[in-house]
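**Q** Following this message is one structure expressed as structure tokens.
What follows draws every value from the coordinates through simple rules; no lab data is involved. This structure is a prediction, so every number in the text was calculated from the model and none was measured. In this analysis, Cβ positions are derived from the backbone assuming ideal geometry, glycine residues included, and neighbour counts consider all displayed protein chains.
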Number of protein chains: 2
Amino acid sequence: MSHLNIAILGFGTVGKGVHYSIKSHQARLEQVLGKSVNVVAILVKNLEKHEQSREDGVLLTTNFEEILNIGELDVIVDAIVGCEPGHTYLTQALEKGIHVVTANKEMFAHHGEELLALAKKNDVTVGFEATVAGGVPVIQTLRQLLQVNRVRKVEGILNGTSNFILSSMRKDGHTFEKTLRAAQENGYAEADPSNDIEGYDAYYKGVVLSQLIFGEKPEEQSTIRKGITDITADYVESADELGLRFRHIVTLFKGQKGVQCKVEPVLISTEHPFYQVDGVQNAVSIETDLVGNVQLQGPGAGMYPTASAILEDIIQISRPVNSEPAYVVYQEEAANSSKWVLFNKNKKLEVPYDIKVLARLSDRAAVVETEEVERILLENPLLAYFELKGNYQHRVEKVNV
Amino acid sequence: MSHLNIAILGFGTVGKGVHYSIKSHQARLEQVLGKSVNVVAILVKNLEKHEQSREDGVLLTTNFEEILNIGELDVIVDAIVGCEPGHTYLTQALEKGIHVVTANKEMFAHHGEELLALAKKNDVTVGFEATVAGGVPVIQTLRQLLQVNRVRKVEGILNGTSNFILSSMRKDGHTFEKTLRAAQENGYAEADPSNDIEGYDAYYKGVVLSQLIFGEKPEEQSTIRKGITDITADYVESADELGLRFRHIVTLFKGQKGVQCKVEPVLISTEHPFYQVDGVQNAVSIETDLVGNVQLQGPGAGMYPTASAILEDIIQISRPVNSEPAYVVYQEEAANSSKWVLFNKNKKLEVPYDIKVLARLSDRAAVVETEEVERILLENPLLAYFELKGNYQHRVEKVNV
């Protein structure tokens, strides 16, 4: 039987998950690929720390050159974080005709286009299923749908940490700061959480999806990247009383001015598919011209979900699905005249006379429709506003009864 | 440029959807396949009825022999219903070395295994993405996941009509009979609705999934197929007051005695992913060993969603993903000791002394845990019981406050 030789760069949670899963699923991989899959090298930062992971026949090294010089290396799995040295390593690998599979979203958001072109030139593949939504097969499903469908719009909960914090605030009634600290203590948020709670991580994933669907990066000038740090316990509680939940959402569509990408907290009503996506779950909603709306949901991170995505990419190397970008330009008018929930921070809400009120939700909250929500806020420092997704009629009936 | 020649059997909603979509997406299909896709023949029952659909270069016929005798036919799309004549036609097609794509779940549930074996023998493929959940790419996603993951359990809302009826009953407060009549008048249910509301259609889809995941049909003796006709307006309203919703669910897992398939109405709590799957939507929840739980949701039927699934299969012909069955035997003990909601039909609920009460939901309802729910009902004709999926703690806290 022939072999597929793999090197893993980085031996943290993701790298270990890949190593263990290849071992535990060896029989399956042989059955599907007709080859045995061997991990032949692991790149680590600190040899001493990983001494106990040393195995016969597996090169444990801090020197990438040694890995590159292995005679029969088929695939390099990138399980390190940050743009460098990942970008440099993968460039060298592709130039040597080695397939690449990456879980590194920041690097891939910045250099994906370039790496994919380089791979094409060298007749190898780049797998990046693990860069978006962990084990949820978003990339593969999009590729599949894109063969026939054109995408109108994509919405996603793509960062497990911020979704976990927003869900916990609702369940426990604690402040943002207290919830964040608890999340850090329990390993759901990092010591420096800004990458997650400020929306950078979600934005990187949006960029990866944008390149896949639209063939280009989001237009930078109109990109919105808002974090969840302004969401107070009071907002969360008030929203919950109204049957609404905060979610940190990435929205992507192609308008007249290029790809529009927004990362921001929005309110979701009970009838919206993201309403029950709690905790570290990720979810993606894809709007297409033929199928209509398709949603996927599942674990966005974790050792084995991410390993599963990487293993799927490894299998795909022998039969890649290449789909070209396919989209329908989205009607921005429709996108701009969206529904918003206006909150007054501490007293009865008075809606400015030139704003169309669609429904009163309570003394302090109303659903409004306007294109000028920014202006309202500037003029009324006591008002907070959040975009609303999903129907609110159900709630209004309850209020009126 | 070379061609891919297609014949469509049946020219109702599905057949027309395929024909129109091939026309509207011709450029895309050429780009992806590197071939133009031509519909060269359509099989109809009644020539006169379809006279206006006659086009130059497209054979319109009532005689399948004529289609089989077309010199260069690549694919036959089966868009007719019922076991016959579909089964016979597709058998003949495969024996002639013609690829087959089917949307016919009843036929495929009965003859799928045989047709797949015949296709393999003749070195052609059978696509069946459209047999389960319409445009939602359930089959392809399962194939993808199955390359690496092993399935523990699958749950699905696989019949749009029964889900539409249950959703409408909740929203409108009407009886089952009145809701069914309205659904029939609006085209959401057929004149003879038994295939949908008695669970046959959902069961056929369960059989198709069972063969794909477990490599065998469900074990017949233990199969449960309950319809939704016993769900009264009172049950729906009482459940809604408790934050619970009825869904008609297919559950599939492999136990010690073979594949267990249940089709029955169950109660879903707010924290479960199926809670907001309303109307004609379909949804599937897949529990696997590596990824954990992945859910898909989208339109389960309709002209263009189904056409999209069929077109995806046509594209797949040139690069099929073959995954062998892969599963983990499910712990039946865990499955049997499920949670149930007990309702008293018209007065205070008294729970039999030998039943473990997990929570009181109201005067008339409680969550219980037992393996012997059938026996309880036999002894207490006033009691109704429904399996509960999702967490109920959220609700209990509200009751106790």
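**Q** Based on DSSP H runs of at least 4 residues, each adding -39500 (n - 2.57), what is the mean residue ellipticity at 222 nm of chain B after dividing by all its residues, to the nearest 500 deg cm²/dmol?
**A** So the calculated ellipticity at 222 nm is -10500 deg cm²/dmol.
**Q** Which net charge results for the neighbourhood of A:Val138, defined as the other residues with beta-carbon distances under 10 angstrom from its beta-carbon, given Lys and Arg at +1 and Asp and Glu at -1?
**A** +1
**Q** If you average the sequence gap of Cα pairs under 8 Å that are 6 or more apart and divide by the length of chain A, what percent do you get for the contact order?
**A** In percent, rounded to a whole number, it is 17.
**Q** Sticking with this one: A 24 angstrom limit on the alpha carbon distance is what I want to check against. Which of B:Lys153/B:Lys205; A:Lys16/A:Lys171; B:Lys153/B:Lys226; B:Lys153/B:Lys389 exceed it?
**A** A:Lys16/A:Lys171
**Q** Further question on the same structure: How would you rank B:Ser2, B:Ser210, going from fewest to most other Cβ atoms within 10 Å of each one's own Cβ?
**A** Ranked by crowding around the Cβ, least crowded first: B:Ser2, B:Ser210.
**Q** Using a 10 Å cut-off around each Cβ of peptide B:27-34, what is the average number of partner chain Cβ atoms that fall inside?
**A** 3
**Q** If R0 is 22 Å, what FRET efficiency do you get for A:Glu51 and A:Gln26 from their C-beta distance, rounded to 0.05?
**A** For R0 = 22 Å, the calculated efficiency reads 0.35.
**Q** To continue, here is another question. Skipping prolines and chain starts, which residues have an amide H placed within reach, meaning under 5 Å, of the one on B:Ala326, given they are 5 or more residues away or on another chain?
**A** Here the answer is B:Val151, since their amide H atoms fall under 5 Å of that of B:Ala326.
**Q** Counting other beta carbons within 10 Å of each residue's own, what order do A:His19, A:His99 fall into, fewest first?
**A** Arranged by neighbour count, lowest to highest, A:His19, A:His99 become A:His19, A:His99.
**Q** To continue, here is another question. At B:Leu382, label 7 Å along Cα→Cβ: distances to the other copies, nm, ascending?
**A** B:Leu382 label point versus its equivalents elsewhere: 5.5 nm.
**Q** Still on this structure, please answer the following. In whole percent, what relative contact order does the stretch A:13-68 give with Cα contacts below 8 Å and a gap of six or more residues?
**A** Answer for the stretch A:13-68 is 27 percent.
**Q** From the P(r) of the stretch A:3-127, could you give the percentage of C-alpha pairs in the tail past 16 Å?
**A** 60
**Q** Another one. Order these by the 10 Å Cβ neighbour count, fewest first: A:His3, A:His111.
**A** Final ranking by Cβ density, sparse to dense: A:His3, A:His111.
**Q** What are the ³J(HN,Hα) couplings of the stretch B:111-118, residue after residue, when phi is run through the Karplus curve with 6.51, -1.76, 1.60 and θ = phi - 60°? Round to Hz, x for glycine and proline.
**A** Here the 3J(HN,Hα) series is 10, x, 4, 4, 5, 5, 5, 5 Hz.
**Q** Less than 10 Å Cβ to Cβ from A:Thr161, Lys/Arg counted +1 and Asp/Glu -1: what total charge do the surrounding residues give?
**A** -3
**Q** Just to confirm the filter: which trypsin sites (Lys or Arg not before Pro) across the stretch B:1-80 are DSSP coil and have at most 12 other Cβ within 10 angstrom of their Cβ?
**A** B:Lys45, B:Arg54
**Q** Something else now. Could you give P(r) for the stretch A:110-255, binned at 5 Å from zero, as whole percent values over all Cα-Cα pairs?
**A** Here the calculated profile for the stretch A:110-255 is 2, 9, 16, 18, 17, 14, 11, 7, 3, 2, 1, 0.
**Q** Volume per residue, Å³, of the convex hull around the alpha-carbon atoms of chain A?
**A** That works out to 151 Å³ per residue.
**Q** What nm value, rounded to one decimal, do you get for the distance between B:Glu241 and B:Ser222 when each label is placed 7 Å out toward the C-beta?
**A** So the label points at B:Glu241 and B:Ser222 sit 3.7 nm apart.
**Q** Distances in nm, one decimal, shortest first, from A:Val81 to the same residue in every other copy, taking the label point 7 angstrom along Cα→Cβ.
**A** 5.4
**Q** Sticking with this structure for a sec: I need the shape label for the stretch A:83-196. Rule: rounded when a/c is under 1.5, else prolate if a/b > b/c, else oblate, with a, b, c from the alpha carbon gyration tensor.
**A** It comes out oblate by the Cα gyration axes.
**Q** Another question, then. Residue by residue through the stretch A:199-207, which ³J(HN,Hα) values in whole Hz follow from phi under the Karplus form 6.51 cos²θ - 1.76 cosθ + 1.60 (θ = phi - 60°), with glycine and proline marked x?
**A** x, 5, 4, 4, 5, 4, 5, x, 5
**Q** Compute the distance from the alpha-carbon center of the stretch B:244-274 to that of the stretch A:140-179, in whole Å.
**A** Value for the Cα centre distance between the two parts: 25 Å.
**Q** May I ask for the net charge around B:Glu387, where only other residues with Cβ less than 9 Å from the Cβ of B:Glu387 are counted and Lys, Arg are +1 while Asp, Glu are -1?
**A** Combined, the nearby Lys, Arg, Asp and Glu give +2.
**Q** Where in the stretch A:1-79 are there GluC sites (Glu not before Pro) that are in a DSSP coil and have at most 14 other Cβ atoms within 10 angstrom of their Cβ?
**A** Answer by residue number: A:Glu55, A:Glu72.
**Q** Another one. Could you go through the stretch A:26-36 in sequence order and give the Karplus-derived ³J(HN,Hα) for each residue, using 6.51 cos²θ - 1.76 cosθ + 1.60 with θ = phi - 60°, rounded to whole Hz, and x for Gly and Pro?
**A** Using θ = phi - 60°, the values come out as 4, 4, 4, 4, 4, 5, 6, 8, x, 9, 8 Hz.
**Q** While we're on this one: Distances in nm, one decimal, shortest first, from B:Thr13 to the same residue in every other copy, taking the label point 7 angstrom along Cα→Cβ.
**A** B:Thr13 label point versus its equivalents elsewhere: 4.4 nm.
**Q** Then there is this: Using all Cα-Cα distances in the protein assembly as shown, what percent lands in each 20 angstrom bin from 0 up to the longest?
**A** Here the calculated profile for the protein assembly as shown is 15, 47, 34, 5, 0.
**Q** Tell me, Kirkwood radius of the stretch A:202-353 from alpha-carbon pair distances, in Å?
**A** 18.0
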